[in-house]
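Each value in this text was obtained by applying a stated rule to the coordinates, not by laboratory testing. In this text, all values refer to a predicted model and were calculated from it rather than measured experimentally. Cβ: placed from backbone, ideal geometry, glycine included. Neighbour counts: every protein chain shown.
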Amino acid sequence: MFIAHPSLAQEVSLSTNDGEMALTGELLEFTNGFYIMRTEIGEVQVPASLVSCSGAACPEGGQVAIDFTIKGSDTIGAELMPLLVRGYAESQRAVVDNRKVGERQHVLTVIGDEGVGSTLFTTMIEDRGSSTGFRGLLDLSTQIGMSSRRIKGEEVSALADAGLGDALSFEQEHGIAVDGLLVVVHPDNPVDALTEAQISDLLSGKVSNWAQLGGADLPVTVYTRDGNSGTFATIAGKFLDPFNTSLTGQARIVAGNAEMSESVFGDPGGVGYVGFAFRGDNKPLGLISSCGIAAEASTFAAKTGEYPLQRTLYLYTTSAELPARAQGLLAYAKSPAADGIIEKSGFIGFNIDSRDLSATARSIRAEIDTNQSRQELAALRELYIDMLEWRRLSPTFRFQTGSSNLDNASRRDLLRLTNYLTTSPNVKEVALVGFTDTDGAFDANRNLGYARAEAVLDSIAAQLTGSDFDPSTVQIKSYGELNPVACNSDFAGQRLNRRVEVWVR
């Protein structure tokens with residue numbers, strides 16, 4: 001099935017079957033179904049199944065059965081993506097033959113009729129870091145990019161400039177799971193919780209001994225991922241960039257989550273960061289924000305976007321038409337059918353969860369005792385009573401910046417919620433509850449919360465047009481700037497506080 005070819009270093013031209021894209025350069029090698037070429041934009045790999053080759057150096061029989069490729073994040077590609085391919089295959093009564101064909105490369109062949117039929121499709125997964133997925137989309141060497149961070153502005157621009165669409169659109173950006181990151185230390189480390197500034201000092205090397213933070217007299221060893229890692233980008237965005245500092249030059253680079261966990265566990269002075277799934281026997285540090293809000297390291301808080309080290313795991317595509325089986329895999333990965341596989345991999349799916357609000361109610365009760373504003377006190381008492389009577393669902397609605405349109409995550413949650421509301425017999429009452437940041441007057445913010453809750457109700461009603469759903473049965477509430485889930489000192493925190501929650505009873 002795979003053809004190795006010696007280095008040719010002769011010019012060839014590759015063109016897509018629709019004639020929209022063409023690439024010319026020196027053919028260096030043809031192996032595992034890929035043309036490896038040196039071009040004006042650098043060395044690229046192009047799947048033979050997607051292009052036609054012209055030129056004297058084109059290998060015979062070059063059209064091999066690799067139907068589409070998936071490149072990018074090792075957080076997704078190491079285990080989750082192969083399991084999603086397997087799950088999709090099983091939904092088609094097929095089995096998967098998974099073969100390693102190179103460093104961090106696997107070819108998965110999906111065979112129909114439970115393994116005795118014909119090949120349905122073949123895909124290659126290559127997991128070398130999130131940035132490589134975006135480069136693969138740009139140079140046409142992949143059709144699906146995996147990323148453990150959201151796409152950067154310059155990557156969006158590069159794809160748009162290449163005529164490959166808007167990567168931030170709902171049609172091209174596909175959130176499939178949540179990965180909560182934990183800052184972990186050795187289980188014997190007596191330090192339990194740190195502020196964001198203290199963690200920044202650890203990672204930057206400003207704190208070099210745990211005794212400076214109330215721990216044992218041990219030198220600090222920082223473990224980190226390399227610069228291609230979306231995991232590192234998330235950590236840097238939270239603990240380094242906001243403090244105008246950089247990672248210590250003494251940090252030890254490890255290849256992945258598993259190695260990170262093992263390294264910290266083997267080093268009493270170690271500190272690192274891993275996904276929820278890779279905590280192992282290490283101790284996660286509690287996170288305290290600059291305004292004193294303690295982070296809840298729970299799957300519920302990760303689903304709502306309110307755990308500060310949660311991140312969405314994405315699949316990205318371009319505006320080019322995907323092969324039918326790639327479309328099927330993508331639809332499966334975003335569907336409730338994939339939730340079990342996502343959780344089996346140690347990540348967090350978008351299946352709807354609920355929790356009572358009693359813990360938050362206790363915090364509101366304490367605030368009632370200290371608040372001096374007559375206006376806020378009345379609302380706090382109302383909020384306290386409500387929280388004793390309702391449960392909160394995990395779908396949480398936020399809007400595109402400067403827009404009344406739901407953001408991509410909320411559009412995804414909308415589909416899940418409407419299905420939940422029409423299929424859950426235990427839900428008797430529903431309330432949409434608006435919250436805001438602290439900018440503006442209290443009354444104005446409360447009115448803004450009402451307006452946002454009404455906008456979400458309109459979206460729900462539009463999604464359920466033709467069903468028995470009656471929008472008039474949904475209660476609309478707003479508590480404005482009360483009950484913040486993040487600090488209001490920056491845009492990111494303000495955005496988290498601008499939300500519409502879903503309550504049921």
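As a rough footprinting exposure proxy, the listed residues 424, 404, 229 were ranked by other beta carbons within 10 Å of their own, and the order from fewest upward is 404, 424, 229.
Could you state, as a whole-number percent, how many of the C-alpha pairs of segment 179-302 are farther apart than 18 Å? Cα-Cα pairs in segment 179-302 separated by more than 18 Å: 47 percent.
Rounded to the nearest 500, the 222 nm mean residue ellipticity of the chain from helices alone is -9000 deg cm²/dmol, with -39,500 (n - 2.57) taken per DSSP H run of at least 4 residues.
Over all distinct alpha-carbon pairs, what is the Kirkwood Rh of segment 444-505 in angstrom? The partial results should precede the final answer.
On the way: mean 1/r = 0.0768 Å⁻¹.
It works out to 13.0 Å.
What FRET efficiency comes out for the pair residue 354/residue 91, r = Cβ-Cβ distance, R0 = 22 Å, nearest 0.05?
Taking R0 as 22 Å, the efficiency between residue 354 and residue 91 is 0.20.
Amide H to amide H distances under 5 Å link residue 195 with 288, where only residues 5 or more positions off or on other chains count and H is placed in the peptide plane. Note on the chain: antiparallel DSSP beta bridges, both residues inside, total approximately 75 percent of the bridges counted. Neighbour counts of C-beta atoms inside 10 Å place 71, 283 in the sequence 283, 71, starting with the fewest.
Counting only lysines at least 8 places from residue 283 when in the same chain, those with an alpha carbon closer than 30 Å to its own are 206, 238, 303, 344. Normalising the average separation of contacting C-alpha pairs (under 8 angstrom, six or more residues apart) by the number of residues puts the relative contact order of the chain at 12 percent. Placing +1 on each Lys and Arg Cβ and -1 on each Asp and Glu Cβ, with no other charges, gives the chain a dipole about its Cα centre of roughly 920 debye.
Going through segment 106-171, which chymotrypsin sites (Phe, Trp or Tyr not before Pro) have at most 10 other Cβ atoms within 10 Å and a DSSP loop state?
none
Please list log₁₀ I(q)/I(0) at q = 0.12, 0.13, 0.21 Å⁻¹ for segment 50-129, using the Debye equation with identical point scatterers on the alpha-carbon positions. So the normalised log intensities are -0.40, -0.46, -0.95. Hey, how much of the P(r) for segment 229-346 falls beyond 23 Å, as a percent of Cα pairs? Tail of P(r) above 23 Å: 45 percent of Cα pairs.
Extent of segment 75-118 along its three principal axes (Cα atoms, max minus min coordinate, largest first): 30, 18, 8 Å. Here the gap between residue 467 and residue 206, fully extended at 0.36 nm per residue and compared with their Cα-Cα distance, gives a gain of 88.0 nm. Computed from Cα atoms, the angle from the helix 374-389 axis to the main principal axis of the chain rounds to 60 degrees. The convex hull of the Cα atoms of the chain, projected and averaged over all directions, covers 26.8 nm².
Subtracting the Cα-Cα distance of residue 197 and residue 403 from 0.36 nm times their residue separation leaves 70.9 nm of extension gain.
Within segment 348-440, the GluC sites (Glu not before Pro) that combine a DSSP coil assignment with at most 14 other C-beta atoms in a 10 angstrom radius are 429. Put simply, the Cα atoms of segment 352-504 extend 48, 34, 24 Å along their principal axes, the longest span coming first. Over segment 111-191, the hull volume per residue, using the convex hull of the C-alpha atoms, is 186 Å³.
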